[in-house]
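Below: the structure, in structure tokens.
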Amino acid sequence: MPGRFFITTPIYYVNADPHVGHAYTTIMTDVIARHHRQRGEDVFFLTGTDEHGAKIARAAEEAGRTPKEHADDLSARFREMGRVLGASNDFFIRTTDEQHMAAVQELIVRMHDKGDIYKGSYGGWYCTSCEAFYNEGDLAEGRTCPIHQREVEWIEEENWFFRLSAYQDRLLAHYDAVPDFVRPRSRMNEARSMVEMGLDDLSMSRAQVEWGVTVPWDPAHTVYVWVDALFNYYTALTYAGDGLVDRLWPPSLQLMAKDILKFHAVIWPSLLMSADLALPEHLFVHGYILKGGERLSKTTGNIVDPFPYIERYGLDALRYYLCREIRFGDDGTFTDEGFHQRYTSELANDFGNLLSRTTKMIERYRDGVVPADPGCDADLAAEATATRDAVRARFDRDDVTGAVEDAWGWVRRLNRLVEEREPWALAKDDARAAELDQALFSLANGLRIAAVLLWPVLPGSCAQVLVALGEPADAVALDMAQWGACTPGARVTPPDPLFPRIELDEVAT
Ligand code: MSP
């Protein structure tokens, strides 16, 4: 019985416009969500925006508007990014939603009642870009933030503390019990050593920050923005629809980049234990998209805007490039040349041409009707099943790049089939009509299977492939990636090129 699958992206800060780094996480989450929908699971995909705290208040002030006006504008741009990327999210949460704020208050009251929150005073080096305190020893040269290379400020105030230190043993016990709680393993080890080094209690309210959720028992304080933000994964389910908490909690998979590992692998499970809520099943920590050797970031000033690539090459090309070029879990570099190269040689040549050749041959030699299966390609049928099982197993290990590589291996296998069988030669010899039927059937049916396997990555193009092959555009369940699960007597329609040729010149970013 297919189960539930609740998947999340981090909620993005509304301090600046979305860039390819944010698009990356949203796309990868979408690909995984779509794959699980293909399995027939009850999928819920959550994303949204993180709108409170000093960082956002400062960005709003710089833009000369109120934090709410600023957040409304930027949040809408992130929502629009998701739409343009084809994200199939089921809900978009904003931390300024009233229901979210009320739910955060309820949760921290629960933690307070339990004795996990106490008043104390604290002084530390604060990086507003990270919204986090640093110990002196963790700062970079010149007393700067190790991530943003920006000056940190000394902040000293009385505020409310969460007894994070009390959760140290329970966290380690959880890591032992669920050794792949964080994937890849290197990130699990990193999280474990953070905890083993000892945890300080967490300052979880701010007296000097007005833009946030009010601490219910002490209205002079707002909730620390990370506590407010982390709880979004839970609060969203309390108001995105009826019965969602019971149906979906806890998250099956939560994606993020390594910059926010500690928040998700250490603080987040501790907050949940304190609030008596079940922990997420897995976190997956992917790498950074780099440009010129540096992580894309507004703060470091080297951003890549995804939209010009979409306009020029199409959405599916961007989705494909990110899945394929950057091994999921590792850092990877975004280059115009690499993008163009994969577009031309893989999408246009391997996939687009195969479809146009196949449909044209079926039109020319068989009046556009896919022949019935003569049944002589049992080996190929077995290869198709093996490919589908391999793709599925890759997704089980969060190996999205490997899944695309396996599916592409199948596309290449079909290209070799054209060369091996030479349908144009078979067509000249009436005595070989059955062989031609087999070649054309195997190509059409093989392409249909490729479209099912690649649909999570290339949803628009794969729907077009199916339609060109005379199949329903939505026949994308994983079970359809089965030899012969096609419509008998389907009529093909040679399509316009799926990936038209494009000259390489600078994409204006
Ligand atoms: N608001 C916090 C997250 C709160 S979640 C409870 C935050 N927001 S963010 O806007 O800075 O987004 C960070 C996330 O965006 C990263 O964890 C990652 O998923 C994605 N990325 C941003 N830049 C990226 C790259 N250059 N490369 C890869 N992913 C990137 O942190």
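Quick look at the numbers
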| item | result |
| --- | --- |
| Of the DSSP H helices in the chain, those whose Cα atoms cover at least 30 Å axially and whose Kyte score averages 0.0 or more | 433-454 |
| Relative contact order, percent, the range 360-509 [alpha-carbon distance under 8 Å, six or more residues apart] | 30 percent |
| Residues with amide H under 5 Å from that of L85, placed H, sequence gap 5 or more | none |
| Largest-first ordering by accessible area, 1.4 Å probe, given options H100, H112, H148 | H112, H148, H100 |
| For the chain, convex hull volume per residue from C-alpha positions, Å³ | 152 Å³ |
| Charge dipole magnitude, Cβ of K and R +1, D and E -1 - the chain, Cα centre, debye nearest 20 | 840 debye |
| Relative packing of peptides 331-343, 13-25, 395-407 - highest average C-beta neighbours within 10 Å first | 13-25, 395-407, 331-343 |
| Solvent-accessible ranking of R491, R183, largest area first, probe 1.4 Å | R491, R183 |
| Histogram of C-alpha separations across the range 1-155, 10 Å bin width, % | 10, 27, 32, 24, 7, 1 |
| Carbon + sulfur, % of accessible area of the range 180-304 - ligands and nucleic acids excluded, 1.4 Å | 48 percent |
| Mean accessible surface per residue for the range 1-148, computed with a 1.4 Å probe while every protein chain stays in place, in Å² | 38 Å² |
| Lysines whose Cα lies under 29 Å from that of K428, excluding same-chain neighbours fewer than 8 positions away | K360 |
| Distance between modelled label sites at R39 and A382, nm, 7 Å Cα→Cβ extension | 2.6 nm |
| Rounded percent of accessible protein surface that carbon and sulfur make up, the range 336-480, 1.4 Å probe | 48 percent |
| Cα Rg, Dmax, the range 336-480, angstrom units | 15.3, 50 |
| Greater than 25 Å apart at Cα, pairs in K119/K258; K119/K262; K258/K291; K55/K258 | K119/K258 |
| Which of I155, A485, F181, positive extreme of dipole for the chain (C-beta unit charges) | A485 |
| Nearest-10 value in Å² for the accessible area of E383, using the 1.4 Å probe | 70 Å² |
| Heavy-atom surface of the range 223-347, accessible at 1.4 Å and reported per residue (Å²) | 30 Å² |
| Percent antiparallel among DSSP beta bridges (both partners in the chain, rounded to 5) | 50 percent |
| Rel. contact order, % - alpha carbon contacts under 8 angstrom, at least six apart, the chain | 15 percent |
| Area of W154 that stays accessible when all protein chains are in place (1.4 Å probe, Å², to 10) | 130 Å² |
| Accessible area, probe 1.4 Å, largest first, for residues S75, S186 | S186, S75 |
| Lys, Arg +1 and Asp, Glu -1 on Cβ, resulting dipole of the range 4-304 about Cα centre, debye, nearest 20 | 1000 debye |
| Per residue value of the accessible surface for the range 351-488 (all protein chains in place, 1.4 Å probe), Å² | 39 Å² |
| Accessible-area value, C376, 1.4 Å probe, nucleic acids and ligands omitted, Å² | 100 Å² |
| Partnerless cysteines, meaning none of the other Cys C-beta atoms lie under 4.7 Å away, in the chain | C323, C376, C462, C486 |
| Charged-residue dipole, Cβ positions (Lys, Arg, Asp, Glu), the range 1-52 about Cα centre, Debye nearest 20 | 320 debye |
| Antiparallel bridge percentage (DSSP; both residues within the range 4-304; nearest 5) | 50 percent |
| Ordering of 236-245, 344-353 by packing [mean C-beta count within 10 Å, highest first] | 344-353, 236-245 |
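The values are calculated or read from the model by the stated rules, or taken from the named source; none is laboratory data. Only a predicted model underlies this, so the values are computations on that prediction, with no experimental measurement involved. When we count neighbours, we look across all protein chains shown, and the Cβ atoms used for this are built from the backbone with ideal geometry, even at glycine. Side chains are part of the model used for accessible areas, which takes the heavy atoms of the whole protein and leaves out ligands, DNA and RNA. Shrake-Rupley method; radii C 1.70, N 1.55, O 1.52, S 1.80 Å.
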